[in-house]
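Have a look at the structure below before the remarks.
The values are calculated or read from the model by the stated rules, or taken from the named source; none is laboratory data. It should be emphasised that the depicted structure is a prediction, and the values quoted were computed from it without experimental measurement. No Cβ is skipped: glycine too gets one built from the backbone with ideal geometry, and neighbour counts run over all protein chains shown.
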Amino acid sequence: MHVNYWDEIKKDRLGKLGVILVTLLVTIALGAPLLAPYDPWAYVAPSLSPPCWSHPLGTNEVGQDILSELIYGTRTTLLVSVSAAIFSTTVSLVVGIMAGIFRGTLERIILRLIDVMLVIPVFLVALLVAAYFQPGMVTLIVLFSLLLWPPGTRIIWNRVLSLKNQGHFTAARQFGAGTAYLLWRHLVPELYPLLAVNFIQVVRRAVFMEAGLAFLGIFDPGAKSWGLMLHYAREFVFTGSWTWWLLPPGLAVSLTIIAFALLGYSLESALDPRMRRQTYAEN
Amino acid sequence: MLKISELTVSFPSTGSPLPVLDGVNLQIEAGEKLGLVGESGSGKTSLALTLMGLSPGEKQGSVTFQGEELLEKNNREWEQLRGGSISMVMQQSGEMLTPVLSLGKQVAEPYLKQYPGRKEEAYRRTVSLLKQVGLGESYVHRYPYTLSGGEVQRSMLAMALITEPAFLILDEPVSSLDALTREEILQLLKNLTRNCSVLVISHDLSTVARLAERTAVLYSGCLLEKAPTEELFQSPLHPYSRALVRAYPTLEGVKELQGIRGEVPSLSFRPRGCPFHPRCTQTLDRCRRERPILEEAVKNENGGQRMLACHRGGVVELLRGRDIRSCYPLDGGGNGRAGYLEAVRGVDVYLDEGEVYALVGESGSGKTTLGKSLAGVDIPNEGEVYFQEKAINKMSRKEARETRRCLQMLFQNSGEALSHRFNVHDLVAEPLVIQGIGDDLSRRKAIERSLDWVRLPRDEDFMHRYPHQLSGGELQRVALARALVMEPRVLVADEPSASLDASVQAKIIKLLLHLQNERGFALFLITHDLALAARAGDRMGVMYGGMIVEEGPSSRLVHRPLHPYTRRLLQAAPTLELPPEEPSHASISGTENSTLQSTADQLQANSSGCSYAKVCHWSSAICFREKPPLREIGSQKVACHHLSAELQTIKHR
């Protein structure tokens with residue numbers, strides 16, 4: 001089975017939309033200092049002023065520009081979620097391969113651990129732990145990484161089991177290949193699509209969790225984050241400022257999650273031959 | 001009676017003299033019939049002419065005939081001897097008779113030369129000999145141009161026998177005759193030469209097989225092997241003898257004919273060392289340096305003196321599996337609770353250098369498992385695999401690496417065995433990369449050479465294609481190129497053509513066999529296709545339920561199957577003809593009504609007895625109790641408790 005994933009995604013209209021949205025978000029995050037009209041930490045206008053030409057989304061209760069906050073929030077969100085996804089996917093990869101290759105007791109321990117982790121309500125644990133520790137960005141990244149690896153691990157373990165009995169592994173072993181060579185040249189490349197999908201899923205979940213925790217106020221109060229913005233805006237709903245203060249970060253969170261979800265789904269359908277045949281049939 | 005020792009005959013040339021015969025040692029006892037075979041240009045006729053004193057070359061060594069040294073004789077002495085106690089039937093005999101004299105005069109000539117003036121006696125003898133060779137008295141007055149080829153040959157024979165020679169040389173006595181005449185002449189030769197010693201020289205193996213008791217193999221002026229004729233043709237020791245036998249077409253043979261790779265060396269460029277080494281597939285350094293001496297061979301145990309000139313002691317055994325057992329856990333993931341499935345139940349198998357062994361069996365009979373064990377991919381649960389007489393899993397790291405190089409496997413389903421993430425270049429390069437052989441440039445060369453072998457394009461565009469862009473046949477070739485890039489000594493090919501359509505299959509198999517012949521690797525061919533196995537294999541093994549139930553030369557197995565399962569397979573072999581109206585042969589229809597078991601049944605059914613017992617028509621209590629040993633019957637081996645007495649007697653024939 002050889003599939004050009006990029007082509008598959010491009011064929012899928014929603015997938016294309018996902019790609020565009022994610023690209024947009026990444027661009028905003030990277031170019032935040034250029035795009036943001038003001039320093040989001042600076043007092044630039046009277047507090048709680050409604051939108052005007054110089055401040056399209058108005059200002060918050062301490063007179064910071066909300067649009068700039070929103071733009072910098074993209075950075076935080078993406079940084080936390082992408083780092084968490086990188087780490088947790090790496091953990092999934094290593095642990096999954098270990099379980100699949102070495103089998104035996106190690107495999108059983110890992111699988112039971114995953115079972116346990118899957119039962120635990122992740123958000124609740126995150127809430128408690130984050131509330132206990134200082135809830136900075138690093139803490140959140142570590143926390144998410146530790147909490148979000150089990151589902152991916154299980155999938156990878158499963159795939160490794162079926163992969164390692166395939167002909168080209170046996171062939172490479174017959175040529176005298178060592179474990180390291182087998183892993184790098186044969187196993188990991190086969191896992192790329194799985195890793196990509198897993199990566200995107202974790203990003204999606206991390207975005208949501210980060211926003212959720214921050215909304216509950218469990219985040220470094222000085223940082224700029226969509227969740228924190230929601231948290232503060234909620235207290236001033238009575239002023240009627242919610243249309244330009246509460247709604248934009250809410251939409252931003254939704255949009256980000258939708259963008260990654262679209263990308264993830266189209267990748268996944270490209271991966272699954274049965275779903276792929278449907279898309280071919282439509283074309 | 002005749003003793004040739006260290007005979008060297010050379011012809012002068014502008015440079016150093018060209019030896020046609022090189023240190024030949026040969027002995028012929030009184031009444032013995034010795035055959036001499038070899039390709040054209042090997043020096044057969046030169047030897048004959050030397051024995052007749054007709055060779056113009058420079059001679060060294062000695063030839064003694066009845067105690068007299070022949071090489072020192074002068075012309076007059078030779079004339080006495082020639083046509084007297086030594087005579088010869090020449091090649092292309094038609095040219096030896098002059099058209100201006102009647103046949104009777106020519107036949108009588110040698111006698112009159114010996115005993116001048118005894119015309120009466122000469123005439124009497126001529127007539128009686130012509131009658132003996134099947135020509136009537138009337139032939140005395142006929143002229144050679146009125147005779148047919150067979151009649152000329154007969155009269156030549158009469159001419160050679162008229163002086164009642166003690167030693168007769170037959171140089172290609174029947175080569176130019178048609179099959180029926182040949183048969184008659186051979187019969188005649190056999191009858192008439194009963195009392196004298198004969199040297200039969202021929203490139204035609206069947207002539208030698210009919211006439212000679214012992215046969216020597218001459219190659220490029222050197223004797224390579226000497227053995228009782230039947231043994232030589234049944235189980236040749238020297239690679240060259242084996243190649244000769246393989247190249248000879250017979251009706252019994254089912255295998256495709258194979259030429260001998262390379263060309264006969266020319267006289268002026270005779271290789272140093274063993275003359276056969278450039279065409280041999282098991283050459284060592286020593287073969288290039290030293291000439292092997294014709295010595296007594298140790299390999300054969302039952303009777304017959306066998307002589308062999310080979311540093312390797314004849315065809316080398318490359319791979320041997322001894323008592324291989326492989327089990328798979330039935331279920332429960334290796335915790336040993338559920339018991340095991342015995343996929344291979346104690347199999348002994350060996351593979352000689354340059355040999356094709358075809359392993360046949362239905363799916364689930366354990367063929368692939370056995371193949372994997374032999375290729376060193378899997379380690380069998382019990383038993384050992386020896387490569388060049390060293391146990392594979394007891395090798396040092398370095399040896400194991402070397403063995404990996406020499407032992408390659410062509411996997412079933414090449415589509416899966418080739419990673420779809422590698423392009424053609426990377427795929428073929430993979431073994432080299434893994435073994436760390438060469439740099440990019442030399443690897444590239446090796447890859448191109450390998451692609452050439454399997455007749456794939458080697459351009460940049462093709463090198464960068466991925467497996468999904470290739471057809472099934474191309475994929476199989478890429479897989480083959482990958483296996484060959486290391487120049488293995490042994491290739492285990494697991495169903496190399498099973499997934500391909502008939503025309504591509506034929507191409508792949510032809511390619512494989514051609515390469516086998518050219519590159520000289522030993523091929524262990526695993527297939528479920530009996531017809532294919534018979535076409536490809538020198539030897540064939542039939543596997544059922546993890547046991548090899550029958551083994552032997554392919555032609556034997558096809559023409560005279562002994563095991564009931566082999567017969568069954570033969571009946572089921574693919575054919576394009578309509579099945580004949582079923583005659584009610586009791587013995588055949590007996591096997592028809594039994595149905596075959598499923599795979600698991602096959603293997604599980606009978607862990608102590610014969611795997612085939614449940615299905616077999618003849619099975620009795622002992623079949624379920626004891627595993628039948630592989631017994632030798634002639635050149636075949638069969639594992640069955642119920643070999644009938646009739647089959648047992650074949651051994652003695």
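For this structure, a couple of remarks:
- Residue within the range B:514-533 that is away from chain A (no Cβ under 14 Å), more than 20 Å from B:Leu257 (Cα to Cα), in contact (Cβ under 8 Å) with a residue 60 or more places away in the chain and touching a Cys at 6+ places or on another chain (Cβ under 7 Å) present: no
- Across the range B:455-469, the qualifying residues are those that are under 25 Å from B:Ala498 (Cα atoms) and touching a residue at least 24 places away in the same chain (Cβ under 8 Å), and the one among them that is farthest from the other protein chains (Cβ to nearest Cβ) is B:Arg455.
- Strands (runs of 3 or more DSSP E) wholly inside the range B:189-230 containing at least 1 residues that are in contact with a helix residue (DSSP H, G or I) (Cβ under 7 Å, 6 or more places away or on another chain), buried (at least 23 other Cβ atoms within 10 Å of the Cβ) and among the hydroxyl-bearing types (Ser, Thr, Tyr): B:197-202, B:214-219
- Within the range B:136-165, the residues that satisfy the criterion of being assigned to a loop (DSSP other than H, G, I, E, B) and either within 18 Å of B:Arg182 (Cα to Cα) or among the hydroxyl-bearing types (Ser, Thr, Tyr) (or both) are B:Tyr143, B:Leu147, B:Ser148, B:Thr163.
- Condition met for B:Asp452 (within 11 Å of chain A (Cβ to nearest Cβ), part of a helix (DSSP H, G or I) and of a type in the set (Asp, Glu)): no
- Applying the set (1) surrounded by 20 or more Cβ atoms within 10 Å (Cβ to Cβ); (2) within 14 Å of chain A (Cβ to nearest Cβ); (3) of a type outside the set (A, V, I, L, M, F, W, C) to B:Arg477 leaves exactly one unmet item: (2).
- Subset of the range A:136-172 that is touching a Leu at 6+ places or on another chain (Cβ under 7 Å) and within 12 Å of chain B (Cβ to nearest Cβ) - its residue that is surrounded by the most Cβ atoms within 10 Å (Cβ to Cβ): A:His168
- Any hit, the range B:395-406, residues being under 24 Å from B:Asn517 (Cβ atoms) and hydroxyl-bearing (Ser, Thr, Tyr): yes
- 3 or more residues over 30 Å from B:Asp426 (Cβ atoms) and of a type outside the set (Gly, Ala, Ser): qualifying helices (runs of 4 or more DSSP H) within the range A:156-267: A:188-215, A:226-235, A:242-245
- Among the residues listed as A:Arg103, A:Arg75, the single one being within 14 Å of chain B (Cβ to nearest Cβ) and basic (Lys, Arg): A:Arg103
- Residue in the range A:182-189 that is more than 9 Å from chain B (Cβ to nearest Cβ), in contact with a Phe, Trp or Tyr (Cβ under 9 Å, 6 or more places away or on another chain) and modelled with pLDDT of 85 or more present: yes
- Screening the range A:1-57 for residues that are hydroxyl-bearing (Ser, Thr, Tyr) and assigned to a loop (DSSP other than H, G, I, E, B) and picking the one that is surrounded by the fewest Cβ atoms within 10 Å (Cβ to Cβ) gives A:Ser54.
- Residue ID - nearest to B:Phe233 (Cα to Cα), chosen from residues in the range B:30-54 that are surrounded by fewer than 18 Cβ atoms within 10 Å (Cβ to Cβ) and touching a Ser or Thr at 6+ places or on another chain (Cβ under 7 Å): B:Glu32
- Residue ID - surrounded by the fewest Cβ atoms within 10 Å (Cβ to Cβ), chosen from residues in the range B:67-87 that are assigned to a loop (DSSP other than H, G, I, E, B) and in contact with a strand residue (DSSP E or B) (Cβ under 8 Å, 6 or more places away or on another chain): B:Leu71
- Complete set of residues in the range A:163-184 that are without any contact (Cβ under 8 Å) to a residue 24 or more places away in the chain and within 27 Å of the chain's Cα centre (by Cα): A:Trp184
- Total residues in the range B:88-103, condition part of a helix (DSSP H, G or I), at pLDDT below 85 and buried (at least 19 other Cβ atoms within 10 Å of the Cβ): 1
- Filtered by the rule that a residue be in contact with a Gly (Cβ under 7 Å, 6 or more places away or on another chain) and of a type in the set (Val, Ile, Thr), the range A:82-107 gives a lone residue, A:Thr89.
- Residue in the range B:29-45 that is acidic (Asp, Glu) and under 19 Å from B:Glu213 (Cα atoms) present: yes
- Among residues of the range A:89-109 being farther than 25 Å from A:Thr170 by Cβ and in contact (Cβ under 8 Å) with a residue 12 or more places away in the chain, the one that is surrounded by the fewest Cβ atoms within 10 Å (Cβ to Cβ) is A:Val91.
Let's see how each residue does on (1) more than 30 Å from A:Gln166 (Cβ to Cβ); (2) touching a Lys or Arg at 6+ places or on another chain (Cβ under 8 Å); (3) outside any helix (DSSP H, G or I):
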site: A:Ile101; (1), (2), (3): no, yes, no
site: A:Thr105; (1), (2), (3): no, no, no
site: A:Ile109; (1), (2), (3): no, no, no
site: A:Arg112; (1), (2), (3): no, no, no
site: A:Met117; (1), (2), (3): no, no, no
site: A:Leu124; (1), (2), (3): yes, no, no
site: A:Leu127; (1), (2), (3): yes, no, no
site: A:Ala131; (1), (2), (3): yes, no, no
site: A:Ile141; (1), (2), (3): yes, no, no
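- Qualifying residue in the range B:417-433 (condition: in contact with a Gly (Cβ under 7 Å, 6 or more places away or on another chain) and under 30 Å from B:Asp461 (Cβ atoms)): yes
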